[in-house]
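Since every read-out is calculated from the coordinates, none of them should be taken as a lab result. Note that the structure is predicted; figures quoted are calculated from it, not measured. Please note: Cβ atoms are built from the backbone with ideal geometry, for glycine as well, and neighbour counts cover all protein chains shown.
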Amino acid sequence: MNSEMIELRTEGGRALVSTYGAEWRGWSVGGRELLWTPDGVHWDRTAPVLFPVCGWTRGGVARVGGRTYPLGLHGFAKDAAFEVAARGADHVTLRLTQTEATLALYPFPFVLEVAYRLTGAGMEVSGRIQNPGDAPMPYAFGLHPGLRWPLGGADKSGHRLRFDAPERAEVPVIAPGGLFSQMRRPVPLAGRDLALEDALFAREALCFLNVASRGLEFEGPGGVLRMDWEGFAHLILWSRPGAPFLCLESWTGHGDPEGFEGDLFDKPSMIVLPPGGEGLHRVRYAFL
């Protein structure tokens with residue numbers, strides 16, 4: 001698949017965005033690299049865009065109107081060719097619309113625009129979803145950036161997340177197939193702080209559902225990365241034990257519950273746009 005790597009620049013900041021999957025591929029502030037770079041060992045992506053589902057569908061299929069569609073992990077946008085809708089020195093907007101290939105996976109017309117704007121020591125990423133059809137359209141949207149951990153230092157120890165608001169100190173147990181079980185497991189939150197260590201990720205991702213916070217700080221000896229979000233219900237933390245990255249993921253939806261056999265419209269946490277409707281979701285990242 002042909003793709004273009006687009007460079008964004010501001011004074012002190014630089015970013016790379018690929019038209020393949022509209023994926024954010026690089027970000028540096030003052031020459032310090034902050035985004036994970038695939039190494040062929042731990043993870044081969046950097047910041048995939050999730051659409052029209054977040055997480056797994058049961059058995060890798062979605063059901064719509066009595067038919068099944070092979071819509072698997074995180075949907076298809078992450079591997080699609082986006083077109084450039086607008087660009088400048090410090091910003092780019094990439095667009096994806098339905099094709100015969102997407103309609104075979106997800107039987108709805110749509111417009112998905114992913115916009116990146118570099119702002120000095122920060123980056124704003126937004127997703128705009130439109131329903132150009134004449135029937136309701138269910139969707140989920142997510143951002144999945146991997147940040148370097150350690151954050152500008154030489155050691156993974158001494159890092160923490162600090163949520164803006166108190167959060168429930170438990171997350172769903174992820175069942176086989178990436179499904180969400182009714183069981184919960186504890187998370188060692190100390191007030192609003194979560195000390196980061198490899199052991200946290202030995203049992204899959206930490207999925208904080210319906211978070212109270214609308215922002216957090218990823219802190220380490222090498223600096224602080226601030227993250228603020230709008231239009232997202234869930235925060236997902238994911239890494240692999242021993243891997244030098246931490247994904248801070250914003251999702252509007254989540255994986256199928258165990259045993260789920262319902263229609264995509266009935267999948268928990270899906271957003272349903274009316275004909276002509278629009279959804280907007282935004283995250284701002286800043287290296288302090």
Let me make sure I get this right: for the range 164-208, a, b and c are the square roots of the gyration tensor eigenvalues over alpha carbons, sorted descending. Under 1.5 in a/c it's rounded, otherwise prolate if a/b > b/c, else oblate. Which is it? oblate
Gained length - Phe260 relative to Asn2, 0.36 nm times residue gap less alpha-carbon distance: 89.2 nm
Give, rounded to the nearest 20 debye, the magnitude of the charge dipole that the range 77-222 has about its Cα centre when Lys and Arg contribute +1 at Cβ and Asp and Glu contribute -1 at Cβ. 200 debye
Spin-label pair Asp39/Ala202, simplified geometry with 7 Å Cα→Cβ offset, distance in nm: 2.1 nm
How many nm separate the modelled label positions at Arg184 and Glu100, each set 7 Å beyond the Cα in the direction of the Cβ? 4.9 nm
From the backbone phi of the range 19-28, what are the Karplus-calculated ³J(HN,Hα) couplings (6.51 cos²θ - 1.76 cosθ + 1.60, θ = phi - 60°) in whole Hz, Gly and Pro given as x? 6, 6, x, 6, 8, 5, 10, x, 7, 9
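Can you tell me the FRET efficiency between Val272 and Thr119 if r is taken as the Cβ-Cβ distance and R0 is 30 Å, rounded to the nearest 0.05? Show your work: numbers first, answer last.
Numbers: r = 33 Å, r/R0 = 1.08.
Here the calculated transfer efficiency is 0.40.
Quick check: residue separation of Val64 and Arg160 times 0.36 nm, minus the Cα distance between them. What number comes out in nm?
30.4 nm
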Taking only Cα atoms and a 10 Å spring cutoff, compute GNM fluctuations for the chain and point out the largest among Met137, Met123, Met183. Met183
With unit charges on the beta carbon (Lys/Arg positive, Asp/Glu negative), name the residue among Ala104, Gly65, Thr10 whose Cα is farthest towards the positive pole of the charge dipole of the chain. Thr10
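Can you tell me how much longer the chain between Ala195 and Glu83 gets when fully stretched, taken as 0.36 nm per residue apart minus their C-alpha distance, in nm with one decimal?
Values: separation 112, 0.36 × 112 = 40.32 nm, distance 4.03 nm.
Value of the extension gain: 36.3 nm.
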Do you know the relative contact order of the range 5-287, to the nearest whole percent, from alpha carbon pairs under 8 angstrom that are 6+ apart? 21 percent
With a/c under 1.5 counting as rounded, go ahead and sort the chain into rounded, prolate or oblate using the C-alpha gyration tensor (a ≥ b ≥ c being the square roots of the eigenvalues; past the cut-off, prolate if a/b is larger than b/c, else oblate). oblate
Can you give the calculated 222 nm mean residue ellipticity of the chain, where each DSSP H run of n ≥ 4 adds -39,500 (n - 2.57) and the sum is split over every residue, rounded to the nearest 500 deg cm²/dmol? 0 deg cm²/dmol
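Dipole of the chain, Cα-centred, from +1 at each Lys and Arg C-beta and -1 at each Asp and Glu C-beta, to the nearest 20 debye? Please list the in-between numbers first.
Numbers: 28 positive and 33 negative charges, 56 e Å.
Its charge dipole is roughly 260 debye.
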Over the chain, with a Gaussian network built from C-alpha contacts below 10 Å, which listed residue (Gly255, Gly55, Gly12) shows the highest mean-square fluctuation? Gly12
Scan around Gly13 for amide H atoms under 5 Å from its own, H built in the peptide plane at 1.01 Å from N, and keep only partners 5 or more places away or cross-chain. Gly30
Calculate one ³J(HN,Hα) per residue across the range 139-152 by plugging θ = phi - 60° into the Karplus curve 6.51 cos²θ - 1.76 cosθ + 1.60, and present them in order as whole Hz with x for glycine and proline. 7, 9, 9, x, 10, 9, x, x, 9, 5, 9, x, 8, x
Only Cα pairs within less than 10 Å get springs; with that Gaussian network setup on the chain, which residue of Arg128, Arg226, Arg185 has the largest fluctuation? Arg185
